[in-house]
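The values are calculated or read from the model by the stated rules, or taken from the named source; none is laboratory data. Note that this is a predicted model, so its numbers are computed, not measured. When we count neighbours, we look across all protein chains shown, and the Cβ atoms used for this are built from the backbone with ideal geometry, even at glycine.
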Amino acid sequence: MQQLWTLFWIFFRIGACTFGGGYVMIPIIQHEISEKYHLIPEEELAEILIIAQSLPGVMAVNAATSVGYKLRGKTGAIICALGVALPSFLIIIFLANLILKFNDNPHVMGAFHWIRAVVVGMIAAAAVKLGRPCLKNKLQILLIAIAFVLAIFNVHPVVLILGGALAGWLITRQKGETE
Amino acid sequence: MLQLCLEMMLVFAMIGLFCFGGGYGILPFIQGEVINRGWMEIQEFINIIAVSESTPGPLGINVATYVGFKMGGLIGATFATVGLMLPAFFLVLLVTRILQTERGGRAWERMTVGIRPVVVGLIFYAAYSIGCTVLLKPGAAAISVDWLSVLLAAMGFVAIHKFKLHPVILIGAAAILGALFMG
């Protein structure tokens, strides 16, 4: 019981203090779980977190669920996931009230007009950063282009992602044969 | 009401099961699954991105909570957010074990070789369509370009991409200046 509470508190603090989502959270989880509380040995935790990062979904939730499941089974998984998600849940509930209330204030509208423009630049920067590792491989560049074009024609993202998984499977098989 | 809550839960569970690539991995799903359902305007979504970048916590949770809260209050927020998180349990309890085996891990690695570029293409498209709504002004006769927004977007890109500025600083500055000049 006490360990469950400690786990909840660790992940609640991580959820409440990290700006910028999963990639920022991983090293903090490693510090808290391995170095500070010695709950999981460093190497084992690294292996768990690498898998958690490659899974789809919210990375922070995946990481918290994996660690919780490893330590305390299903209950641990639920406790850790709730801990990491609760701070942002509460913050947004609080802010949503404000945003929906002050929506027609001209100063707030002006602020969000400028913010939205800046966010477009931020998304473009994030897309470029995410795309950079794929630029070495011609087939991957082709897949980026195909996905972009099919998205214009409203092909569902789930279909495209499943197609990508299949394409990845086939690309690597060809490579394996020539090597 | 219950039907809407369950629908939100299912939609966000589907997003949770298929969004790759960290925070912005949710972008490709927003237009088709959330905006077309009338749950949120695109402008609202971009506001939430800004709020998310300036507050702790992952973007996905923020979006699910906001949409759920707007459409169904506290109960709606709970359904949507739990929905987004549900696949994580399935994945961790069942799939992790498969990925830990040598064959499973190798197969997954091969698939991600194709998934990653597809996600990049999808996020580029989402960035493009979001860019169009923010940077273009629909007029009575023709669509015109909002040059101020284009300039701000370019500055935002350079600040993050080249100078690695923290998003919070950028958003804070834009909020203050925007409130002063447009208010």
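Of all residues in segment A:100-120, those satisfying the criterion of being of a type outside the set (D, E, K, R), surrounded by fewer than 18 Cβ atoms within 10 Å (Cβ to Cβ) and over 17 Å from B:Thr133 (Cα atoms) are A:Leu100, A:Phe102, A:Asn103, A:Asn105, A:Pro106, A:His107. Taking segment B:1-23 as the range and being modelled with pLDDT under 90 and closer than 18 Å to A:Ala85 by Cβ as the test, the residues that pass are B:Gly22, B:Gly23.
Just the residues that are among the polar types (S, T, N, Q) and assigned to a helix (DSSP H, G or I), please, taken from segment A:1-41.
Result: A:Gln2, A:Gln3, A:Thr6, A:Gln30, A:Ser34.
Looking at (1) surrounded by fewer than 24 Cβ atoms within 10 Å (Cβ to Cβ); (2) not hydrophobic (A, V, I, L, M, F, W, C); (3) not in a loop (DSSP other than H, G, I, E, B), can you tell me which one B:Gly21 breaks? B:Gly21 satisfies every listed condition except (3). Just one of the listed residues (A:Gly83, A:Gly68) is of a type in the set (Gly, Ala, Ser), more than 7 Å from chain B (Cβ to nearest Cβ), under 30 Å from B:Met71 (Cα atoms) and touching a residue at least 24 places away in the same chain (Cβ under 8 Å), namely A:Gly83. Checked against (1) more than 28 Å from A:Thr18 (Cα to Cα); (2) at the interface with chain A (Cβ under 7 Å from one of its Cβ atoms); (3) surrounded by fewer than 23 Cβ atoms within 10 Å (Cβ to Cβ), B:Ile98 meets all criteria but (2). Screening A:Gln2 against (1) at pLDDT below 90; (2) under 15 Å from the mean Cα position of the chain (by Cα) leaves a single unmet condition, (2).
Could you please let me know if A:Ala63 is touching a residue at least 12 places away in the same chain (Cβ under 8 Å), more than 15 Å from A:Phe11 (Cβ to Cβ), more than 8 Å from chain B (Cβ to nearest Cβ) and not charged (D, E, K, R)?
Values: touching a residue at least 12 places away in the same chain (Cβ under 8 Å): yes; more than 15 Å from A:Phe11 (Cβ to Cβ): no; more than 8 Å from chain B (Cβ to nearest Cβ): yes; not charged (D, E, K, R): yes.
No.
Of the listed requirements (1) surrounded by 15 or more Cβ atoms within 10 Å (Cβ to Cβ); (2) in a strand (DSSP E or B), B:Leu91 misses just one: (2).
In summary, helices (runs of 4 or more DSSP H) completely within segment A:42-138 and bearing 2 or more residues that are of a type in the set (D, E, K, R), modelled with pLDDT of 90 or more and assigned by TED's automatic domain parsing to the domain that holds A:Ala16 occur at A:42-54, A:59-101.
For the residues B:Leu93, B:Leu86, B:Leu59, the requirement of being of a type in the set (A, V, I, L, M, F, W, C), more than 21 Å from the chain's Cα centre (by Cα) and on the phi < 0 side of the Ramachandran plot singles out B:Leu93. The selection criterion, being within 8 Å of chain A (Cβ to nearest Cβ) and among the small types (Gly, Ala, Ser), does not hold for B:Gly68.
Could you identify the single residue in A:Leu98, A:Leu160 that is more than 19 Å from the chain's Cα centre (by Cα), within 7 Å of another protein chain (Cβ to nearest Cβ) and free of Cβ contacts under 8 Å to residues at least 40 places away in the same chain? Even if it seems obvious, please write down each step before you answer.
On the way: A:Leu98 fails: within 7 Å of another protein chain (Cβ to nearest Cβ).
None of the other options fit; the residue is A:Leu160.
Within segment B:157-183, the set of residues being among the β-branched types (Val, Ile, Thr) and farther than 23 Å from B:Pro56 by Cα comprises B:Val158 only.
Would you confirm whether or not segment A:143-156 contains a residue that is in contact (Cβ under 8 Å) with a residue 24 or more places away in the chain and within 30 Å of B:Thr78 (Cβ to Cβ)? Before you say what the answer is, go through the steps one by one.
First, the residues of segment A:143-156 that are in contact (Cβ under 8 Å) with a residue 24 or more places away in the chain: A:143.
Keeping just the survivors that are within 30 Å of B:Thr78 (Cβ to Cβ) gives none.
Within segment A:143-156, none of the residues are in contact (Cβ under 8 Å) with a residue 24 or more places away in the chain and within 30 Å of B:Thr78 (Cβ to Cβ).
Among the residues that make up segment B:136-146, is at least one of them of a type in the set (A, V, I, L, M), touching a helix residue (DSSP H, G or I) at 6+ places or on another chain (Cβ under 9 Å) and part of a helix (DSSP H, G or I)? Looking through segment B:136-146, none of the residues is of a type in the set (A, V, I, L, M), touching a helix residue (DSSP H, G or I) at 6+ places or on another chain (Cβ under 9 Å) and part of a helix (DSSP H, G or I). Take A:Gln30 and tell me if it is polar (S, T, N, Q), surrounded by 15 or more Cβ atoms within 10 Å (Cβ to Cβ) and either more than 10 Å from the chain's Cα centre (by Cα) or within 11 Å of chain B (Cβ to nearest Cβ) (or both). The answer is yes for A:Gln30. Looking at B:Ala174, is it part of a helix (DSSP H, G or I), more than 7 Å from chain A (Cβ to nearest Cβ), buried (at least 18 other Cβ atoms within 10 Å of the Cβ) and of a type outside the set (D, E, K, R)? Criteria not met by B:Ala174. Candidates B:Gly83, B:Gly60: the one that is more than 9 Å from chain A (Cβ to nearest Cβ) and either at pLDDT below 95 or part of a helix (DSSP H, G or I) (or both) is B:Gly83. Among the residues of segment B:54-69, those identified as under 21 Å from A:Asn62 (Cα atoms) and surrounded by fewer than 23 Cβ atoms within 10 Å (Cβ to Cβ) are B:Thr55, B:Pro56.
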